[in-house]
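I have placed the structure first, in the form of structure tokens, so that the comments after it can refer back to it.
Read-outs: derived from the displayed coordinates by stated rules, not from any lab. Keep in mind it's a predicted model, so treat the numbers as computed, not measured. Using ideal geometry, Cβ is built from the backbone for each residue, glycine included, and neighbour counts are taken over all protein chains shown.
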Amino acid sequence: MPASPQVGMTYREEYHKGHAEDGASIISTDALAKVPHGRFEHGVQTRNFSGIEPDVIEEKDLRGGVGVVLEITVSGGSDRAEVLSYRES
């Protein structure tokens, strides 16, 4: 993730040709995610893709100090992962 994310930025998350070719685009820098743990406001939302699985598109909501709080497969599947609990360390 870029240090200063801006809507429209695209970046590589990991790359190992033929094994991991993941990238993401920033689609929001003021996202709201509602998960069982609660509301997370003002986060970064990304649309994630892979050259290895071109039909699979995921959207992730990320918060500083927490990480991914919500992940939804929007194309090529129907997975959903969300934060159930969180404790600051």
I'd like the residue in region 36-55 that is out of contact with any Gly (no Cβ under 8 Å at 6 or more places or on another chain) and among the polar types (S, T, N, Q) and, out of all such residues, is farthest from residue 12 (Cα to Cα). 45
Odd one out for residue 65 among (1) surrounded by 15 or more Cβ atoms within 10 Å (Cβ to Cβ); (2) free of Cβ contacts under 8 Å to residues at least 40 places away in the same chain: (1)
Considering only strands (runs of 3 or more DSSP E) wholly within region 17-67, the ones with at least 1 residues that are over 18 Å from residue 79 (Cβ atoms), under 15 Å from the mean Cα position of the chain (by Cα) and of a type in the set (A, V, I, L, M) are 20-35, 38-50
Any chance you could count how many residues in region 5-16 are in a strand (DSSP E or B) and touching a residue at least 24 places away in the same chain (Cβ under 8 Å)? 1
For region 76-89, how many residues meet the condition of being surrounded by 13 or more Cβ atoms within 10 Å (Cβ to Cβ) and farther than 10 Å from residue 35 by Cβ? 2
Can you list residue pairs whose Cβ atoms sit under 7 Å apart, with the first residue in region 19-31 being within 14 Å of residue 6 (Cβ to Cβ) and free of Cβ contacts under 8 Å to residues at least 60 places away in the same chain and the second being acidic (Asp, Glu) and buried (at least 16 other Cβ atoms within 10 Å of the Cβ)? Count only pairs 6 or more apart in sequence or on different chains. 31/61
Picked from region 68-89 (must be within 21 Å of residue 23 (Cβ to Cβ) and part of a loop (DSSP other than H, G, I, E, B)), the residue nearest to the chain's Cα centre (by Cα) is 79
